[in-house]
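Okay, structure first, notes after.
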Amino acid sequence: MHNIHHLHPKFSVVTVTYNAGNVIEDTIQSVITQTYKNVEYIIVDGKSTDRTMEIVNRYKDHICTVISEPDKGIYDAMNKGIKLATGDYVCFLNAGDEFHEDNTLQSIVHSLSGHSTLPDVIYGETAIVDKDGHFLRMRRLSVPENLNWKSFRQGMLVCHQAFFARKYKLMPYDLQYRFSADFDWCIRIMKKSHSFHHTHLTLIDYLNEGTTTRNHRASLKERFHIMVKHYGMISTLLLHFGFVLRLLWKK
């Protein structure tokens with residue numbers, strides 16, 4: 001039995017906020033009610049002008065570190081979070097998103113029993129929920145049984161929030177990407193990682209706010225550039241040519 005409890009990793013959960021007053025409370029509660037206690041909660045706020053900080057301050061006894069200062073956008077704020085994190089794993093839980101259950105982190109740790117050392121990356125599934133937290137559907141892309149850096153040639157198969165990486169494998173987000181830096185960041189981390197652990201659990205409830213269509217094209221263009229950078233032009237074009245053919249075929 002002693003095997004189950006020997007791994008007791010510390011999770012650094014980072015929430016980046018900017019004027020998130022109407023959704024931040026649910027996110028905070030989902031972190032501080034976790035039954036697993038080896039957790040450090042970090043909130044990086046971009047100097048919100050709404051009631052975000054008023055709500056954050058109500059919970060400050062449960063939050064390890066709070067900073068509120070202007071930043072150069074979400075990925076700059078996440079880079080600050082990486083610098084502040086001291087855990088074995090870092091998880092980015094956006095304002096509005098929640099851990100799927102109160103015992104999600106405990107379940108992750110249980111799923112590690114049988115491992116003698118901590119894997120570089122832990123990952124799982126993501127549920128899409130509405131603003132009342134009601135389940136809508138599972139994320140369209142399902143996570144691969146065996147994740148590696150080539151997996152994302154098919155797209156971002158693991159949601160950023162359900163991708164927990166070892167702190168010492170982390171590098172900063174590349175701020176030249178305004179919309180898809182998380183896609184590039186995950187691939188770079190996977191390139192440096194040797195062990196990947198599929199929890200076979202739903203880890204995150206992701207708030208479906210509907211993608212902002214005006215940024216959608218810019219984000220796809222960035223993703224294409226990121227794929228070319230990591231996987232090469234030929235391979236990327238062939239894969240996407242396949243997507244295009246399939247779309248036409250379905251019509």
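The values are calculated or read from the model by the stated rules, or taken from the named source; none is laboratory data. On a predicted model such as this, the values are computed, not experimentally measured, just so you know. Backbone-built Cβ (ideal geometry, glycine too); neighbour counts: all protein chains shown. Quick note on the areas: whole protein, heavy atoms, side chains included, nothing else; ligands and nucleic acids left out. Shrake-Rupley method; radii C 1.70, N 1.55, O 1.52, S 1.80 Å.
With Tyr177, Tyr89, Tyr168 as the choices, which residue is crowded, with 21+ Cβ neighbours inside 10 Å and not hydrophobic (A, V, I, L, M, F, W, C)?
Details: Tyr177 fails: crowded, with 21+ Cβ neighbours inside 10 Å; Tyr168 fails: crowded, with 21+ Cβ neighbours inside 10 Å.
When all the criteria are applied, what remains is Tyr89.
Residues that are crowded, with 19+ Cβ neighbours inside 10 Å, among the aromatic types (Phe, Trp, Tyr), out of contact with any Phe, Trp or Tyr (no Cβ under 6 Å at 6 or more places or on another chain) and in contact (Cβ under 8 Å) with a residue 12 or more places away in the chain: does segment 110-131 have at least one?
No, there is no match, as no residue in segment 110-131 is crowded, with 19+ Cβ neighbours inside 10 Å, among the aromatic types (Phe, Trp, Tyr), out of contact with any Phe, Trp or Tyr (no Cβ under 6 Å at 6 or more places or on another chain) and in contact (Cβ under 8 Å) with a residue 12 or more places away in the chain.
Looking at segment 5-18, which of its residues are in a loop (DSSP other than H, G, I, E, B) and farther than 18 Å from Thr65 by Cα? It would help to see each step written out before you state the result.
First pass over segment 5-18, keeping only residues in a loop (DSSP other than H, G, I, E, B): 6-10, 18.
Passing the criteria: His6, Leu7, His8, Pro9.
Pairs only if they're at least six apart or on different chains, beta carbon under 7 angstrom, first in segment 158-174 and among the small types (Gly, Ala, Ser), second surrounded by fewer than 22 Cβ atoms within 10 Å (Cβ to Cβ); list them, first residue then second.
The qualifying pairs are Ala162/Glu125; Ala165/Asp120; Ala165/Ile189.
Within the group Ile82, Ile32, which residue is open to solvent by less than 80 Å² (accessible area, probe 1.4 Å) and touching a His at 6+ places or on another chain (Cβ under 6 Å)? Break it down into steps so the answer makes sense when it comes.
On the way: Ile82 fails: touching a His at 6+ places or on another chain (Cβ under 6 Å).
Residue meeting the stated conditions: Ile32.
Among the residues of segment 201-217, write down those that are open to solvent by less than 80 Å² (accessible area, probe 1.4 Å), at pLDDT 85 or above and either in a helix (DSSP H, G or I) or of a type outside the set (Val, Ile, Thr) (or both).
Of everything in segment 201-217, those that are open to solvent by less than 80 Å² (accessible area, probe 1.4 Å), at pLDDT 85 or above and either in a helix (DSSP H, G or I) or of a type outside the set (Val, Ile, Thr) (or both) turn out to be Leu201, Leu203, Asp205, Leu207, Asn208.
Open to solvent by less than 50 Å² (accessible area, probe 1.4 Å), among the hydroxyl-bearing types (Ser, Thr, Tyr) and within 21 Å of Ile204 (Cα to Cα), is that true of Tyr75?
Details: open to solvent by less than 50 Å² (accessible area, probe 1.4 Å): yes; among the hydroxyl-bearing types (Ser, Thr, Tyr): yes; within 21 Å of Ile204 (Cα to Cα): yes.
In short, yes.
Being in contact with a helix residue (DSSP H, G or I) (Cβ under 7 Å, 6 or more places away or on another chain) and closer than 22 Å to Thr104 by Cβ narrows it down to one of Leu175, Leu201, Leu207, so name that one.
Numbers: Leu175 fails: closer than 22 Å to Thr104 by Cβ; Leu207 fails: in contact with a helix residue (DSSP H, G or I) (Cβ under 7 Å, 6 or more places away or on another chain).
The unique qualifying residue is Leu201.
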